[in-house]
Amino acid sequence: MEISIIGASGKIGTAISVLLAKEKYVRHINLISREKSLDKLKGLKLDIYDAIAAEELDVEISVHDEKDLSVVCNSKITIIPAGAPRTGDMTRLDLAKKNAGIVKRYAKDIGKTCDTKLFMITNPVDVMTHKALIESGYDKSQVFGLGTHLDSMRFKVAIAKYFNAHIGDVRTRIIGEHGDSMVPLISSTAIGGIPITRLPEYKDFPYNEVVDFVKNGGKRIIQLKGGSEYGPASAVLNVVRCIANDNKKYLTLSTYLDGELDGIKDVCIGVPVVIGKKGIERIVPIELDEKEFNDFKKSVEIVKRYWNEVKGI
Ligand SMILES: NC(=O)c1ccc[n+]([C@@H]2O[C@H](COP(=O)([O-])OP(=O)(O)OC[C@H]3O[C@@H](n4cnc5c(N)ncnc54)[C@H](O)[C@@H]3O)[C@@H](O)[C@H]2O)c1
């Protein structure tokens, strides 16, 4: 399989490139960046060749300037973590506007000439997914964003630690915005198939504390080590594996809703989907409890507000 990464010179792009190069189904990776980052990508390519030599893997890696995006045309998936960093004087909305301009250019160029899937990482990811969908003109099954899948992984860690459970036994899910209005689904959280609400430890479960921990997960990692990379890159890998192996797993991705969940329309937001070789194969119409549903509706309104500010860019 051939895969492209636009913004490969950044922290997340680099981590994704290294992880993907070690996947047996990956034959060719296009590392794409702005001209000023091409030397970094040439170095990354050599470093990855050394890494895969140790594992006797044979992957072709090529380096490209973002000016010619026709290089992504043979890629099954094009992953986009390219985006401007937020500077001190910028609000979240300023950042959304700046990144919407970047995503618009990529999605438009690619949509005109190529048939690939666009996997958005750039924040605010729900809005960037919507932008990529509109500008590429692709079917909604082909454009999706990493958002609350990563948050769900963080929630899973916190649940495993609190209940002293094996991480592999924990099943949980966060839906909604990849941001402060995310909605953890306690109703979909179980350990070894047992809903956590039925476990004796649940009565003292520090819900607000745990949810705050998850919401601030990215911020905390940025403060401590300058950015999160292995967590997001591993979450990306989960999704790519599902597509490559046609796993049809239920993952939570940012996708365009057109009424599939309680009639909610015209927004890209994190919901459970079935992901396989055709991309988003189905949105799973889960039943939420009343609080979850109300919180989800609030989250939808917040993402829509952002979208309204950037859709004209
Ligand atoms: N969706 C998620 O779950 C998730 C998780 C973590 C981070 N992110 C987001 O992923 C993105 C990348 O994060 P990172 O830590 O790798 O950032 P980074 O700053 O290390 O890398 C950003 C990349 O974008 C490129 N870039 C910067 N400005 C650009 C511009 N004006 N035009 C084109 N390319 C430009 C850089 O050259 C680099 O390749 C950010 O938007 C971050 O907020 C998303």
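Structure above, values below:
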item: Total formal charge among the other residues, if their Cβ is under 12 angstrom from that of Phe296, Lys/Arg +1 and Asp/Glu -1; result: -4
item: By average C-beta atoms within 10 angstrom, highest first, the peptides 73-81, 123-131, 20-28; result: 123-131, 73-81, 20-28
item: The chain - mean residue ellipticity at 222 nm from DSSP helices (-39,500 (n - 2.57) per run, n ≥ 4, rounded to 500); result: -13500 deg cm²/dmol
item: Sequence-distant lysines (8 or more away, or on other chains) whose Cα lies within less than 19 Å of Lys22; result: Lys11, Lys42, Lys45, Lys76
item: Packing rank of 41-51, 112-122, where each peptide gets the mean count of other beta carbons within 10 Å, highest leading; result: 112-122, 41-51
item: q = 0.08, 0.11, 0.21 Å⁻¹, region 54-210: log10 I(q)/I(0) [Debye, one scatterer per Cα]; result: -0.35, -0.61, -1.17
item: Cβ charges +1 (Lys, Arg) and -1 (Asp, Glu), total dipole of the chain, debye; result: 300
item: Partners for Lys298 among aspartates and glutamates (Cα-Cα distance below 15 Å; same-chain residues under 8 apart left out); result: Asp126, Glu177, Asp180, Asp262, Asp266, Asp289, Glu290
item: FRET efficiency estimate (nearest 0.05) - Cβ-Cβ, Asn216 to Val284, R0 25 angstrom; result: 0.35
item: Region 1-87, relative contact order [Cα under 8 Å, separation at least 6], %; result: 43
item: Relative contact order %, region 2-145, counting alpha carbon pairs below 8 Å whose residues are six or more apart; result: 23
item: Candidate lysines for bridging to Lys297, where Cα separation is under 17 Å - those fewer than 8 sequence places away on the same chain excluded; result: Lys265
item: Total formal charge among the other residues, if their Cβ is under 14 angstrom from that of Val18, Lys/Arg +1 and Asp/Glu -1; result: -1
item: Of Ser299, Asn74, Leu93, farthest towards positive along the dipole that unit charges on Lys, Arg, Asp, Glu beta carbons give the chain; result: Leu93
item: Within-12-Å neighbourhood charge of Ser9 [Cβ basis; K, R +1; D, E -1]; result: +2
item: Pairs of Cα atoms farther than 31 Å apart, the chain, %; result: 28
item: Heavy atoms of Glu2 accessible to a 1.4 Å probe, total area in Å² rounded to 10; result: 40
item: Long pairs among Lys67/Lys248; Lys40/Lys277; Lys98/Lys249; Lys98/Lys277; Lys24/Lys98; Lys67/Lys131, criterion Cα-Cα beyond 30 Å; result: Lys67/Lys248; Lys40/Lys277; Lys98/Lys249; Lys98/Lys277; Lys24/Lys98
item: Relative pair counts by distance (%), Cα atoms of region 2-145, 5 Å bins; result: 2, 11, 21, 22, 20, 14, 7, 3, 1, 0
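The values are calculated or read from the model by the stated rules, or taken from the named source; none is laboratory data. Just so you know, these numbers come straight off a predicted model, no measurement behind them. Glycine gets a Cβ as well: all are built from the backbone with ideal geometry, and neighbour counts include every protein chain shown. These area figures cover heavy atoms from the full protein model, side chains too; ligands, DNA and RNA do not enter into them. Shrake-Rupley method; radii C 1.70, N 1.55, O 1.52, S 1.80 Å.
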